[in-house]
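Got a structure for you, questions after.
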Amino acid sequence: MPSIETLDTLPEKYAVRLDNHMLITLEGEQADSYLQGQITVNVDKLTADYARHYAHCDNKGKTWSVGYVARFNDKIALLANKSSGAHSLAQLNKYGVFSKADIIDESNTHTLLFVPNSTLGDLLSTLPADVISQDDINRLTAPVEQGSSLASFSSNALLAFQTGLKKSGVVLVLSEEIVEQVQARLDKHNIPQFDSTTFDALQIESVHPTLSEESVAEYVPQMINVQALDGIDFDKGCYMGQEVVARTRFLGKNKRAAYSFTLPTSVNVKAGDSIEKQLGDNWRIAGKIISVAVLGKETRFIAVLTNDTTPEDLHRLADQTDVTCYPNALPYSIEQKASNIVKKRR
């Protein structure tokens, strides 16, 4: 697959193979009720028309995975990168034996793509109407407001949902029966396909967190800005880690947040590396990197730092002290919305 030098060199039309992502589905009589007790969003209110960001936590409120959740016909689908998704799959199966729900890794039976809005019509407009209609395509390419629900559509052969990224686009989950047709359209229109690093970079640009193996079960969801992506329903019922997630909010205990950085060259940096902040004439450890995308002439990463970090704060890589950088301004507010919950005072 061809590679890109920077995100700014992306062509108008392209596709990205999400080979580093995992598709987990839940199906069965108790699929909804089981997942309701597992993830941070209200599954009972999840409709077929919209997808959501979600987090899946352990009982200490530390995040196993973060990604997208959507309805896929009679199933519920979770999309996360393989590093963190594997942890969620293991934990879902661990507790799922007590529920009437089938939990399956369907990554190998579907092809996962990300395509910008400009490419969606080229790929899907000639598919049969029972797969997807032009009205559905139009809804998927409509503008997305930051933090709002993401338009979603599914049929027997296809799941498609908006991502909410700065560079607008849609994730496609293609069944085997339409993969060849979509590939033929890519070939006909000479649309280049890039590897998953490009999608990683797009997520980092928009400060949509993902978790590497090194950062699984290290952070409460608010430390990686999940609330800013409308990925936590604080007013829903019990779920894994809810007490910690709620206490972190209502007691104002969270002092961390995720920030993105852009280096104008290819740098050997990896998730788990430490980053330092300049304080006067000294440097102090500020946090750790949770995700990285190294392109031909650009490196992007997300690090978890104190939540009062500003774009004027100079940082450097702890293991490469000659590499200095400033955090990018956040594209959204990390302040949390008011809750409908009214605490009773004795």
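The values are calculated or read from the model by the stated rules, or taken from the named source; none is laboratory data. All of these numbers come straight from a predicted model, not from anything done at the bench. Note that each Cβ is placed from the backbone with ideal geometry, even for glycine, and that neighbours are counted across all protein chains shown.
Does any residue in region 189-218 that is over 18 Å from residue 303 (Cα atoms) come within less than 8 Å, Cβ to Cβ, of a residue that is of a type in the set (Gly, Ala, Ser) and surrounded by fewer than 20 Cβ atoms within 10 Å (Cβ to Cβ) six or more places away or on a different chain, and which pairs are these?
194/3; 195/3
Any chance you could count how many residues in region 172-197 are touching a helix residue (DSSP H, G or I) at 6+ places or on another chain (Cβ under 8 Å) and hydroxyl-bearing (Ser, Thr, Tyr)? I'd like the intermediate steps shown before the answer.
Keep residues of region 172-197 that are touching a helix residue (DSSP H, G or I) at 6+ places or on another chain (Cβ under 8 Å), which gives 172, 174-176, 182, 185-186, 189, 191, 193.
From what is left, the residues that are hydroxyl-bearing (Ser, Thr, Tyr) are 175.
The qualifying residues number 1.
Looking only at region 202-246, count every residue that is among the hydroxyl-bearing types (Ser, Thr, Tyr) and assigned to a helix (DSSP H, G or I) and tell me the total. Reasoning before the result, please.
Step one: of region 202-246, the residues among the hydroxyl-bearing types (Ser, Thr, Tyr) are 206, 210, 212, 215, 219, 239.
Filter once more, keeping what is assigned to a helix (DSSP H, G or I): 215.
Residues in region 202-246 being among the hydroxyl-bearing types (Ser, Thr, Tyr) and assigned to a helix (DSSP H, G or I): 1 in total.
Examine region 55-64 for a residue that is at positive phi, at pLDDT 95 or above and out of contact with any Pro (no Cβ under 7 Å at 6 or more places or on another chain), and state whether such a residue exists. Break it down stepwise before answering.
Our first condition is that a residue be at positive phi; within region 55-64, this holds for 61.
Next, only the ones that are at pLDDT 95 or above stay: 61.
After this cut, where a residue has to be out of contact with any Pro (no Cβ under 7 Å at 6 or more places or on another chain) as well, the list is 61.
Yes: region 55-64 contains one or more residues that are at positive phi, at pLDDT 95 or above and out of contact with any Pro (no Cβ under 7 Å at 6 or more places or on another chain).
Which of the strands (runs of 3 or more DSSP E) found entirely inside region 1-70 contain at least 3 residues meeting this: of a type outside the set (A, V, I, L, M) and surrounded by 20 or more Cβ atoms within 10 Å (Cβ to Cβ)? Don't jump to the end; show me each part of the working.
Numbers: elements: 15-17, 21-27, 50-57.
Answer list for region 1-70: 50-57.
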